[in-house]
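Trainee: Below is a structure I'd like to ask you about.
The values are calculated or read from the model by the stated rules, or taken from the named source; none is laboratory data. As the structure is a computational prediction, the values presented were derived from the model and not from experiment. Ideal geometry is used to build each Cβ from the backbone, glycine not excepted, and the neighbour counts take in all protein chains shown.
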Amino acid sequence: MNITRRPVRPEDQEFQFRLYASTRQAEIAAFGWNSAQQEAFLRMQFMAQQNWYRTAYPQATWEIIELERTPVGRMIVLRGGESITLVDIALLGEYRGRGIGGGLLRELLEQGREAKVLVRLQVLKTNPAARLYLRLGFITTREDEMYLQMEKHPG
């Protein structure tokens, strides 16, 4: 697999929306809304997420994940003084479970090890990726009703 990353460009906006919608589709379908209502809600939520990430993590790096030059996901990472924060990582459904996300996370963990800093992330408790994070050695440091705060120490 030829996995590469490149900076997000303005023309990636619609891909990023499709990616976001793919991560929420099952949840939204349960609401019983028609497709126009679903799309309107998802677009509103997508824009809110984008605005939140840009406000809360203004120095973060936004990248499109590509497989053979085809966009398959997105990764947002904030590299700070004492830590690396994985703000968000998402893959289109048909590319999940193929080792792409795990490979990218291992690269991030290697960067943390080399820089001797923590790698941090937050994940929804219901997100199957939480199991991957545990397998990679992340530990839960805090949790609330919805989220797990996780980190992995260098070394």
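Trainee: Among the listed residues 67, 118, identify the single one that is of a type in the set (A, V, I, L, M), modelled with pLDDT of 95 or more and within 23 Å of residue 3 (Cα to Cα).
Mentor: 67
Trainee: So for region 112-121 (the condition being closer than 18 Å to residue 20 by Cβ and out of contact with any Gly (no Cβ under 9 Å at 6 or more places or on another chain)), does at least one residue qualify?
Mentor: Residues of region 112-121 closer than 18 Å to residue 20 by Cβ: 121.
Subset that is out of contact with any Gly (no Cβ under 9 Å at 6 or more places or on another chain): 121.
Within region 112-121, one or more residues are closer than 18 Å to residue 20 by Cβ and out of contact with any Gly (no Cβ under 9 Å at 6 or more places or on another chain).
Trainee: Now a separate question. Assuming residue 2 fulfils every condition listed in (1) under 29 Å from residue 114 (Cβ atoms); (2) surrounded by 15 or more Cβ atoms within 10 Å (Cβ to Cβ) apart from one, which condition is it?
Mentor: The failed condition is (2).
Trainee: Would you check if residue 16 is part of a helix (DSSP H, G or I), surrounded by 16 or more Cβ atoms within 10 Å (Cβ to Cβ) and modelled with pLDDT under 95?
Mentor: Values: part of a helix (DSSP H, G or I): yes; surrounded by 16 or more Cβ atoms within 10 Å (Cβ to Cβ): yes; modelled with pLDDT under 95: no.
No: the conditions fail for residue 16.
Trainee: If the requirement is being hydrophobic (A, V, I, L, M, F, W, C), within 28 Å of residue 13 (Cβ to Cβ) and at pLDDT 95 or above, which of these qualifies: 129, 60? Walk me through how you get there before you give the answer.
Mentor: Values: 129 fails: at pLDDT 95 or above.
Being hydrophobic (A, V, I, L, M, F, W, C), within 28 Å of residue 13 (Cβ to Cβ) and at pLDDT 95 or above holds for just one of 129, 60, which is 60.
Trainee: Which ones in region 38-68 are among the hydrophobic types (A, V, I, L, M, F, W, C), over 17 Å from residue 22 (Cα atoms) and crowded, with 17+ Cβ neighbours inside 10 Å? Can you show your working first?
Mentor: Start the filter on region 38-68 by keeping residues that are among the hydrophobic types (A, V, I, L, M, F, W, C), which leaves 40-42, 44, 46-48, 52, 56, 60, 62, 64-65, 67.
Now drop any that are not over 17 Å from residue 22 (Cα atoms), which leaves 52, 56, 60, 62, 67.
Selection gives 60, 62, 67.
Trainee: Now for a different question. List every residue pair whose Cβ atoms sit under 6 Å apart, with the two residues 6 or more apart in sequence or on different chains, where the first one lies in region 17-28 and is farther than 11 Å from residue 73 by Cβ and the second, anywhere, is surrounded by fewer than 17 Cβ atoms within 10 Å (Cβ to Cβ) and among the hydroxyl-bearing types (Ser, Thr, Tyr).
Mentor: Nothing qualifies.
Trainee: Report yes if residue 52 is among the aromatic types (Phe, Trp, Tyr) and in contact with a strand residue (DSSP E or B) (Cβ under 9 Å, 6 or more places away or on another chain), otherwise no. Can you show your working first?
Mentor: On the way: among the aromatic types (Phe, Trp, Tyr): yes; in contact with a strand residue (DSSP E or B) (Cβ under 9 Å, 6 or more places away or on another chain): no.
So residue 52 fails the test.
Trainee: Let me spell it out: the conditions are (1) within 22 Å of residue 58 (Cα to Cα); (2) out of contact with any His (no Cβ under 8 Å at 6 or more places or on another chain); (3) surrounded by 14 or more Cβ atoms within 10 Å (Cβ to Cβ), and residue 118 meets all of them except one. Which number is the exception?
Mentor: (2)
Trainee: Answer yes or no as to whether residue 89 is surrounded by 18 or more Cβ atoms within 10 Å (Cβ to Cβ), touching an Asp or Glu at 6+ places or on another chain (Cβ under 8 Å), of a type outside the set (Asp, Glu) and within 23 Å of residue 9 (Cα to Cα).
Mentor: Numbers: surrounded by 18 or more Cβ atoms within 10 Å (Cβ to Cβ): yes; touching an Asp or Glu at 6+ places or on another chain (Cβ under 8 Å): no; of a type outside the set (Asp, Glu): yes; within 23 Å of residue 9 (Cα to Cα): yes.
Spelling it out, it is not the case that residue 89 is surrounded by 18 or more Cβ atoms within 10 Å (Cβ to Cβ), touching an Asp or Glu at 6+ places or on another chain (Cβ under 8 Å), of a type outside the set (Asp, Glu) and within 23 Å of residue 9 (Cα to Cα).
Trainee: Quick one: in region 70-110, of everything that is free of Cβ contacts under 8 Å to residues at least 60 places away in the same chain and either among the charged types (D, E, K, R) or in contact with a His (Cβ under 8 Å, 6 or more places away or on another chain) (or both), which residue is nearest to residue 141 (Cα to Cα)?
Mentor: 82
Trainee: Another question, then. Looking only at strands (runs of 3 or more DSSP E) that fall completely inside region 45-112, which ones have 2 or more residues that are of a type in the set (Gly, Ala, Ser) and under 28 Å from residue 155 (Cα atoms)?
Mentor: Values: elements: 61-67, 70-79, 83-91.
Hits in region 45-112: 83-91.
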